[in-house]
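Undergrad: Got a structure here, written out as structure tokens. Questions coming.
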Amino acid sequence: MKIRKKDNIFARATDRIAAFEFDDKVASVFADMIERSVPGYADIIRMLPVLAERFAVAGSNCYDLGCSLGAVALALRAGIKAPGCRIYAVDNAPAMIARCRDHAAAPSPFPTPIETLCADIREIEFSRAAIVVLNFTLQFLPVADREPLLRRIYDGMVPGGIVVLSEKITHDDPYSRDLLIDIYHAWKHANGYSQLEISQKRTALENVLRPETLAVHRRRLEQIGFRHCEPWFQCFNFMSLTACK
Ligand SMILES: C[S@@+](CC[C@H](N)C(=O)[O-])C[C@H]1O[C@@H](n2cnc3c(N)ncnc32)[C@H](O)[C@@H]1O
């Protein structure tokens, strides 16, 4: 049995907290970190085979953008029934993509190939895309880069294809915003993170993870041409939506 390495990266008090990076230290504890830091993460991953079965059409491509360890790519592969599909798992962090490559290469009963790419998602080509998943990745791009990326994704999609966009969100109403952040931190504390860890990680993510409101995400997708933008999952200040071409 493989023991999951515990995330204690922010456990010790530090004078100068460096900006958060997806380096080897983070990659080595990432499975534990994301489970205890993103409410509903496991549920979102568990739903993806259902979407994959429905939306992957014969000969189409599926993209896992900002794939980290490859959880999305593996979940898509488990659901795809259509023949001749291919999954591209893309991340620009070498420490992540190396681990993702090992996961993708492990024996699997599912036939769809997974190709791993160490690349910036702003620079890759999209073609015949039936499913494009950005599972907590868009939030790490500069805000100005989000619309051009989503537009290129839209252009590379087949009619009827879907984008799955999961994000940490913020709220215009200050009361809701503060309340949801507070509840989120209480949830993290209940998951074993100390107040020091929560506060130091928050500082490290400042200016690295820039959340937007659900309304902003929706408006941007609709302006590009996506239709039926519907949140299908929300827990505290985290949500996942689907949008169709
Ligand atoms: C929160 S993690 C995503 C989690 C992952 N999708 C999952 O479901 O387990 C964000 C990932 O996006 C990657 N990333 C951030 N900016 C990127 C970019 N411009 N191009 C490619 N990958 C990027 C990071 O290296 C990191 O692995």
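Undergrad: If you check every pair at least six apart or on different chains, which have Cβ atoms under 8 Å apart with a residue in segment 60-77 that is touching a residue at least 40 places away in the same chain (Cβ under 8 Å) first and a residue that is within 7 Å of the ligand (Cβ to nearest atom) and among the aromatic types (F, W, Y) second?
TA: From segment 60-77, the pairs are G66/F136; G66/F140; S68/F22.
Undergrad: Considering only residues that are assigned to a loop (DSSP other than H, G, I, E, B), more than 17 Å from A27 (Cβ to Cβ) and in contact with an Asp or Glu (Cβ under 8 Å, 6 or more places away or on another chain), look in segment 71-93 and name the one that is farthest from the ligand (Cβ to nearest atom).
TA: So, considering only residues that are assigned to a loop (DSSP other than H, G, I, E, B), more than 17 Å from A27 (Cβ to Cβ) and in contact with an Asp or Glu (Cβ under 8 Å, 6 or more places away or on another chain), the one farthest from the ligand (Cβ to nearest atom) is K81.
Undergrad: Continuing with this model, one more query. Show the residue pairs meeting these rules: Cβ distance below 6 Å; 6+ apart or different chains; first residue within segment 32-58 and within 21 Å of I162 (Cβ to Cβ) and part of a helix (DSSP H, G or I); second residue of a type in the set (V, I, T) and within 12 Å of the ligand (Cβ to nearest atom).
TA: Y41/I34
Undergrad: So in segment 1-55, with the set limited to residues that are surrounded by 12 or more Cβ atoms within 10 Å (Cβ to Cβ) and among the acidic types (D, E), which one is nearest to A186 (Cα to Cα)?
TA: Per the criteria, the residue is E35.
Okay, residues lined up against (1) surrounded by 23 or more Cβ atoms within 10 Å (Cβ to Cβ); (2) within 13 Å of the ligand (Cβ to nearest atom):
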residue	(1), (2)
V57	no, no
A95	no, yes
E123	no, yes
V132	yes, yes
Y154	no, no
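Undergrad: In addition: Which of (1) touching a strand residue (DSSP E or B) at 6+ places or on another chain (Cβ under 7 Å); (2) more than 11 Å from the ligand (Cβ to nearest atom); (3) part of a loop (DSSP other than H, G, I, E, B) does S68 not meet, given it meets every other one?
TA: (2)
Undergrad: Could you look through segment 112-121, keep only residues that are β-branched (V, I, T) and in a loop (DSSP other than H, G, I, E, B), and pick out the one that is surrounded by the fewest Cβ atoms within 10 Å (Cβ to Cβ)?
TA: Within segment 112-121, the match that is surrounded by the fewest Cβ atoms within 10 Å (Cβ to Cβ) is T112.
FYI, it's all coordinate maths here, none of it is from the lab. Since we're looking at a predicted model, the values are computed, not measured. Note that each Cβ is placed from the backbone with ideal geometry, even for glycine, and that neighbours are counted across all protein chains shown.
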